[in-house]
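Below is one structure, written out as structure tokens; comments come after it.
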Amino acid sequence: MAIASHSNMPEPQIQWQVQPPTPIPQWFLEAVRAYTPASEGVYAAQLLWQRGIQESQQLAGFLNPDYYQPASPFEFGQEMKWAMQRLKQAFNEGEKVAIWGDFDADGITATSVLWEGLGQFLPQHQQLIYYIPNRLSESHGLNCRGIDKLALWGTKLIVTCDTGSTNLSEIDYAQQLGIDVIVTDHHTLPEERPNVISIINPRYFAETHPLFHLSGVAVAYKLLEALYLTLPNIPQQPLEALLDLVAIGLIADLVQLSGDCRYLAQRGIEQLQQQPKTRSRPGIARLLELCKREGNRPTDISFGLGPRINAVSRIHGDASFGVELLTSKDEQRCEQLALETELANVRRKSLQKDVTQQVKNKLDQLDLSTTSVIVLEDSQWATGVLGLVAGQIAQEYGRPTILLSTEGERNFLDTKTISQNLSPTSLPLARGSARSVNNIDLYELVKSQAHLLHRFGGHPFAAGLSLPIDNIPLFTEAINQQLRQQSAANCKLGIPVIEANLIVKVAQLGKELFRELKLLEPCGMGNSVPKLLIQNCWFENISNRNTKDFKGQKVQYIKTEFEIWDDSNTVGFPGLWWGHYRDEIPQGRCSCIVELDYNNYKKHSEVRIVVVQPANEIYSVNNLAQFNWILDWRGENGERGRGGDGENGLQPIAATTTNSHPQSASGETNNPLPSPGNPLTIHQCPTSWDELQVWSRRAIQGEHQLAIAYPPPKLLSAQEIWQQLVGIAKFLSRTGQSATLEQLQTKLDLSDRTLHLGLQALSHLGFQVKHLDWAIEISWHPPLETPDTHEATVNNTTQAFKTTVEEEQFLRQYFYQVSLSTIQGIVSQQLNDY
């Protein structure tokens, strides 16, 4: 279903889509039900199957980390062996080692993991230190001034984490100073291998490899895992004690949580949820208290810990105390650092809101019809929040977004980091962040304009960059032209697409559904939080207020609270809409897409609005979804209004019109479309959504409602149907009679395609099938093949027929049982796309 969104802002329309449900094998449904004792498991099974979890062993490893076999760190091959040799040398010779980290949550946790892990082998502060660049003055990656500081301390080896892959000139500079480099990173690789001792980067793997999507902290963990295996008798702390830090970085960095990423996140959350009790990491325990979370949900990281850790560098620039916050055992010191972190997050929220509004004000003056890539700059924007705002704008406007700060001061840069075409003297630079949308490779897009840039780095979905202020107009024009020329520009730029995974009623919301959907956690890229479409609903008890900080003071960041209602229930269900005012919620009947969550603070389930749409703004075809225009008459014999059990027979769809207007599946009288026609009735079960679409279009064109009235599927096995077909062939051969294809399809409950396969199998068995105008004649003619060849041919063609029968029986059963609300939603979407 596609729906258009309208507001006072000149934002593009938002297209809604409903993910079509697919038939689920019974064995799979039963396997999922073993994990959902309080519910049927149908929704979880549907989502898991759609997301490619379709094998028994794969399902077990996805849902339970005990059944997953993680990859060895030595799958990094010779690079990991070289890293181990160099670290052993540092250990044996007492060399000084520096960890070079990054200032975001992934980088801070990666630095913390190496600080604790390498600290088991090298004395902290004496032989091991860490260095984290200042977000506001140094940006991401290695830089020569920082390397100079480490050289003065006597560093002989730098181990990077979450950075370093493309810092070729800085790596060469370190080597000139006698410093070796081991790079651990997950960002885009350079065209040539950097001149380092070792580079541990999962992007060297194929995309299907279980290690490919590792974030920076996970790569750092794999390095330590290899070191623990290489020098097993030295560390006193178990390696697994670091997994809570790994989970924070993985989830906060928004990497795809599949393979080892999912496994590490699952194990890490198991540890993280113990923090409120054990307080083994008092800084994390205090942060959880401040954000009123328990650490048992991925959202406790993505909406709690992650934003707070990131806020430190966004506001202060220097994030080095974040490592102390995560690793210190000093309760008093951690209390102080946690409060500073919370204050930074409060300021970040307010600043982000202000910059977002300023960006939208600028967009009011921009001709979006000629804009493929949004590029905006301002001298007052704080660089620390530009990535957050760019991500929000990219999603709302359906375009890659680049936001730049041109703060008045000139940027004095190390001459060794300046591109050859730029002056080595002070340069007025703009710095900012870029975020992608619609699967556009943003890194390659920015890279195409490298000649206009000072520095850039990142991955396909996000990038950071700096460029001379004078180059901004040329850069803006060139990058827009580049995207328009790419074949990828065929995607719907400017039309954000939001896909709902399931169609539900308000009555279905609650703990049971929440626990069932929780099976998919931890969610992230590639396994998104399930989005639920609720149709024909409305809102009551709406209120909004500014959020408050830990001191009870108001923060200029709005959230709206409400109850959502529909006709399925006698009570409303609580919900939130972050960053929106109460008057933005439409009056009257609506459709909305929500995410179901659990509020640990209030101890109840609640929904969070993703997008909401007034009923009167839905496209005309989609407006059908607001009416019960499809009537559910399945199981006429005392079972009207719901699907039945049993396996499917196969028949082509037939339809008639009738004067009856029975009740809908819910027992309520249907709201007919405003038309004089009678319902068009489908008597025989379909095998695809396309078949339903054909009859839906016929109903609309004839101004009819559509009634689905097919009976329960038959219980004959494929072997029994084959035996019936052979029996009919013998009868027709013996009597010399003919039969129409329609008669055979009706008798055997077969589709035209399946019957054709059956007739082919009969011809190999020894029957001659002669096609007349509208009928067939069958006669017996002994086969000419040798016995062995004949038997093999008959077995193959017969098995192909039986397999096709089983597939269509399965589909018949599915279309007999699928809910009416799902049929309405999917058919409406198909009609809109058509």
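Filtered by the rule that a residue be open to solvent by 40 Å² or more (accessible area, probe 1.4 Å) and either among the acidic types (D, E) or touching a Phe, Trp or Tyr at 6+ places or on another chain (Cβ under 6 Å) (or both), segment 206-217 gives a lone residue, E207.
Scan segment 100-113 and give yes if some residue there is open to solvent by 10 Å² or more (accessible area, probe 1.4 Å) and in contact with a Pro (Cβ under 7 Å, 6 or more places away or on another chain), otherwise no. Can you show your working first?
Here is the first cut: in segment 100-113, the residues open to solvent by 10 Å² or more (accessible area, probe 1.4 Å) are 104.
Keeping just the survivors that are in contact with a Pro (Cβ under 7 Å, 6 or more places away or on another chain) gives none.
No, the conditions are met nowhere in segment 100-113.
On inspection, A83 does not qualify as part of a loop (DSSP other than H, G, I, E, B), modelled with pLDDT of 95 or more and among the aliphatic types (A, V, I, L, M).
Provide a single number: the residues in segment 328-374 that are among the charged types (D, E, K, R) and touching a His at 6+ places or on another chain (Cβ under 9 Å).
1
Just to verify a result, which residue in segment 522-558, among those that are among the hydroxyl-bearing types (S, T, Y) and at pLDDT below 85, is least open to solvent (accessible area, probe 1.4 Å)? Step by step, filter segment 522-558, then rank; the result is T547.
If you go through segment 483-509 one residue at a time, how many are at pLDDT 80 or above and open to solvent by less than 20 Å² (accessible area, probe 1.4 Å)? Residues meeting the conditions: 8. Selection over segment 430-480 of residues that are at positive phi and not small (G, A, S) gives a count of 2. Criterion applied to A220, A226 was being out of contact with any strand residue (DSSP E or B) (no Cβ under 8 Å at 6 or more places or on another chain), more than 18 Å from A463 (Cα to Cα), among the small types (G, A, S) and open to solvent by less than 10 Å² (accessible area, probe 1.4 Å), and the one residue passing it is A226. Quick check: is even one residue across segment 322-334 without any contact (Cβ under 8 Å) to a residue 12 or more places away in the chain and surrounded by fewer than 22 Cβ atoms within 10 Å (Cβ to Cβ)? Yes: one or more hits. Scanning segment 121-175 for residues that are farther than 18 Å from G317 by Cα, in contact (Cβ under 8 Å) with a residue 40 or more places away in the chain, within 39 Å of the chain's Cα centre (by Cα) and part of a strand (DSSP E or B) turns up L157, I158, V159, T160.
No other residue among P686, P679, P713 is touching an Asp or Glu at 6+ places or on another chain (Cβ under 9 Å) and either of a type in the set (D, E, K, R) or touching a residue at least 24 places away in the same chain (Cβ under 8 Å) (or both) apart from P713.
I'd like to check something: does segment 310-320 contain any residue that is of a type in the set (S, T, Y), more than 30 Å from N480 (Cα to Cα), in a helix (DSSP H, G or I) and at pLDDT below 90? No, segment 310-320 has no match at all. Among the residues of segment 715-768, those that are open to solvent by less than 70 Å² (accessible area, probe 1.4 Å), outside any helix (DSSP H, G or I) and within 19 Å of L811 (Cα to Cα) comprise L716, S717, D749, L750, S751. Regarding segment 580-592, can at least one residue be identified that is modelled with pLDDT of 85 or more and acidic (D, E)? Yes, segment 580-592 contains a residue that is modelled with pLDDT of 85 or more and acidic (D, E). Against the condition over 22 Å from S466 (Cβ atoms), of a type outside the set (G, A, S), open to solvent by 10 Å² or more (accessible area, probe 1.4 Å) and out of contact with any strand residue (DSSP E or B) (no Cβ under 7 Å at 6 or more places or on another chain), how does Q352 come out, does it pass? Judged against the criteria, Q352 is not a match. Assigned to a helix (DSSP H, G or I) and either at pLDDT below 90 or at negative phi (or both), is that true of E396? The answer is yes for E396.
Listed by first and then second residue, the pairs with beta-carbon distance under 8 Å, at least 6 apart or on different chains, first residue in segment 81-99 and within 13 Å of T230 (Cα to Cα), second outside any strand (DSSP E or B) and open to solvent by 70 Å² or more (accessible area, probe 1.4 Å), are K81/F74.
Out of the residues in segment 696-712 that are modelled with pLDDT under 80 and open to solvent by 20 Å² or more (accessible area, probe 1.4 Å), which is farthest from L755 (Cα to Cα)? Here the residue is E703. The number of residues in segment 579-598 that are among the hydroxyl-bearing types (S, T, Y) and open to solvent by less than 20 Å² (accessible area, probe 1.4 Å) comes to 1.
Contact map, segment 571-599: first residue on the phi > 0 side of the Ramachandran plot, second residue among the β-branched types (V, I, T) and outside any loop (DSSP other than H, G, I, E, B), Cβ cut-off under 7 Å, separation 6 or more or different chains; pairs are G579/I558. When N92, N195 are checked against the criterion of being in a loop (DSSP other than H, G, I, E, B) and open to solvent by 30 Å² or more (accessible area, probe 1.4 Å), N195 stands alone in meeting it.
Contact annotation: residue pairs with Cβ atoms under 7 Å, 6 or more positions apart or on different chains, pairing a residue in segment 180-208 that is farther than 19 Å from L257 by Cα with a partner that is among the acidic types (D, E) and surrounded by fewer than 17 Cβ atoms within 10 Å (Cβ to Cβ), are N195/D172.
The values are calculated or read from the model by the stated rules, or taken from the named source; none is laboratory data. The shown structure was predicted, so the numbers you read here are calculated from the model rather than taken from an experiment. Every residue, glycine as well, gets a Cβ built from its backbone with ideal geometry; the counts of neighbours run over all protein chains shown. Only protein heavy atoms, including side chains, enter the accessible area calculation; ligands, DNA and RNA are left aside. Shrake-Rupley method; radii C 1.70, N 1.55, O 1.52, S 1.80 Å.
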